[in-house]
């Protein structure tokens, strides 16, 4: 146990949780949906990747792609069930919350029923090599996790910056009413959003499976962390989510190192409460240069 | 300025050649239990600039939102270029708006319905949402910049940092980016200093309509007088009178 171990762990956790938090954040701000089925999508993608590893191939890139695609499929499924029928009905926010929570409960029970309570393991995606850099030992899964999630986030964010669909999604994140005025179809855009955020959850599921097991309820803690990081970063801000992920990843690995893993959620929420007391809009409140209408 | 022709009587404009861009008949619309628009009829022909004047809360904005399918509920017929876009519906505001926009509607809403974090350029791009407008967006941007010169220097600035007048220019420019046959402009001078409001109206008059048409809702009649082809009065959810720029004759629509 040394300082480098803490820091490298923090970075790995920050990358994975950041991926999840950005998904939560984008969904919330563009669709107005706090997607509580995220944990289910996470587990769904994990089991999907496991099935692929059993029946198709256990080559790393295939598993990553399978996780992302199955996560995207899960996202589209949740969108079709929980968003499309209710998004223009009264009291949509609460209904959406309840609908996604219901999908989460039903889905995880379904996974439990189908796959049984024994957790599964995925093969090592990035191999078993190690590099030693001046006292710091980098294992393959850490390097792979960090590089893959950063690469995926860069691709997603570049796409959102430069493509027409990305412009639609960003417009919807900032002002859904004005977005429909300029002709952005809410329903179609919602499928894109949910597919992308589902894909991010799937990626996180496969990456986290290198450290933890895949189990029906395995998505719950990552989802709670993703939602709380998104909240701490300021819902709707991608940069805020990234910073919050780094800060809270650091907090998690320091807590684990200093006082023990069972206190992680306690220190994490204390930390979030402290930040939200000072900055009610989260970290994004500091970053935001443009004023709202 | 290209509004010289408006002083001539309507007959000289060969009404037979004019196409009906918008035909609203028997439109009622509102929100929840409230009925704002009462059996309204309105016909707008191509090449026309129509002004709608009326007090706050008499349904000018709701009429525009009704045409765009954004009211809480509505019934009655709305034809845009002969295509029926009005549906009887009791919920789902905005569900069909993107189809209506693709059919040729550009709504420039009241106040600042802007995306505060997008830059001016992205904002103008977001207005070009039909396939053709998106392909031609570079030329269209140039055309909008010709009308709103001050935006040239602000292309990379987030819209949230602009002043009220600049925001309004962006908002109107976004509407003009669309490949639309009907422009609905809601209170373009609202909240602006009189001089800036006047220049915004002037800019709207400078837009070449061609085959399309423009409807401007405005509280300040003086701003529209002598600049539009017809002025309609809106009162309690109905169009109550019409003054053409040529004759200033008042026809009573009451009971319609």
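The values are calculated or read from the model by the stated rules, or taken from the named source; none is laboratory data. Predicted, not measured: the structure shown is a model, and the values here were computed from it. Counting neighbours? That spans all protein chains shown, and the Cβs are built from the backbone with ideal geometry, glycine included.
Summary table
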| item | result |
| --- | --- |
| Residue in region B:145-161 that is farthest from the chain's Cα centre (by Cα), counting only those that are outside any loop (DSSP other than H, G, I, E, B) and more than 14 Å from chain A (Cβ to nearest Cβ) | B:153 |
| Condition broken by residue B:59, with the remaining ones in (1) at pLDDT 85 or above; (2) within 12 Å of chain A (Cβ to nearest Cβ); (3) touching a strand residue (DSSP E or B) at 6+ places or on another chain (Cβ under 7 Å) satisfied | (2) |
| Odd one out for residue A:229, checked against (1) surrounded by fewer than 20 Cβ atoms within 10 Å (Cβ to Cβ); (2) in contact (Cβ under 8 Å) with a residue 12 or more places away in the chain; (3) not in a loop (DSSP other than H, G, I, E, B) | (1) |
| Residues that are surrounded by 18 or more Cβ atoms within 10 Å (Cβ to Cβ), assigned to a loop (DSSP other than H, G, I, E, B) and away from chain A (no Cβ under 13 Å), drawn from region B:66-84 | B:81 |
| Any hit, region A:92-112, residues being within 14 Å of another protein chain (Cβ to nearest Cβ) and modelled with pLDDT under 90 | yes |
| Qualifying residue in region B:192-200 (condition: assigned to a loop (DSSP other than H, G, I, E, B), at pLDDT 85 or above and under 18 Å from the mean Cα position of the chain (by Cα)) | no |
| Hits in region B:162-171 (condition: surrounded by 20 or more Cβ atoms within 10 Å (Cβ to Cβ) and within 14 Å of chain A (Cβ to nearest Cβ)) | B:162, B:167, B:168, B:170, B:171 |
| Residue tally, condition crowded, with 18+ Cβ neighbours inside 10 Å and outside any strand (DSSP E or B), over region B:33-60 | 7 |
| Residue count for region B:204-225, restricted to those that are in contact with a helix residue (DSSP H, G or I) (Cβ under 8 Å, 6 or more places away or on another chain) and in a loop (DSSP other than H, G, I, E, B) | 3 |
| Verdict on residue B:174 being touching a strand residue (DSSP E or B) at 6+ places or on another chain (Cβ under 8 Å), within 14 Å of chain A (Cβ to nearest Cβ) and in a helix (DSSP H, G or I) | yes |
| Residue within region A:157-171 that is more than 10 Å from chain B (Cβ to nearest Cβ) and under 30 Å from residue A:123 (Cβ atoms) present | yes |
| Condition met for residue A:281 (within 14 Å of chain B (Cβ to nearest Cβ), free of Cβ contacts under 8 Å to residues at least 12 places away in the same chain and either closer than 30 Å to residue B:163 by Cα or out of contact with any strand residue (DSSP E or B) (no Cβ under 7 Å at 6 or more places or on another chain) (or both)) | no |
| Residue match in region A:36-52 (condition: closer than 18 Å to residue A:236 by Cα and within 14 Å of chain B (Cβ to nearest Cβ)) | no |
| Residue in region B:91-106 that is within 11 Å of chain A (Cβ to nearest Cβ), under 27 Å from residue B:213 (Cβ atoms), modelled with pLDDT of 85 or more and surrounded by fewer than 15 Cβ atoms within 10 Å (Cβ to Cβ) present | yes |
| Lone unmet requirement of (1) within 29 Å of residue B:99 (Cβ to Cβ); (2) surrounded by fewer than 22 Cβ atoms within 10 Å (Cβ to Cβ); (3) within 13 Å of chain A (Cβ to nearest Cβ); (4) over 18 Å from the mean Cα position of the chain (by Cα) for residue B:138 | (3) |
| Qualifying residue in region B:122-130 (condition: at pLDDT below 85, over 30 Å from residue A:284 (Cβ atoms), within 13 Å of chain A (Cβ to nearest Cβ) and surrounded by fewer than 21 Cβ atoms within 10 Å (Cβ to Cβ)) | yes |
